[in-house]
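The structure appears below as structure tokens.
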Amino acid sequence: MIDTPDSRRKGPVSKSDRAALEEARLRQQAIGVKLRHLFDEVVNEPVPDEFLEILRRADARVSGGDTP
């Protein structure tokens, strides 16, 4: 929830306050959808071969296989 002085106020909420809160919720929801879409694209990208080789070497050193 948005932490503004109006959102902490006790008592009846005006129509304009409700409309502003709903607009803020919709904006936050749209941002979340776009971020999830962007993140999904990054997660689904292939790992470069060079990076995989670095990981293999690190695993070998940790497990005692000390390959160059």
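Surface calculation, 1.4 Å probe, protein heavy atoms: Arg25 sits at approximately 120 Å² accessible.
With the whole protein complex present, Val13 retains an accessible surface near 60 Å², based on a 1.4 Å probe. The eigenvalues of the Cα gyration tensor, multiplied by 5 and square-rooted, give the stretch 6-45 an equivalent ellipsoid with semi-axes of 34, 9, 4 Å from largest to smallest.
The values are calculated or read from the model by the stated rules, or taken from the named source; none is laboratory data. Predicted model only: the values in this text are computed from it and were never measured. Keep in mind that these areas ignore ligands, DNA and RNA; they rest on the heavy atoms of the full protein, side chains included. Shrake-Rupley method; radii C 1.70, N 1.55, O 1.52, S 1.80 Å.
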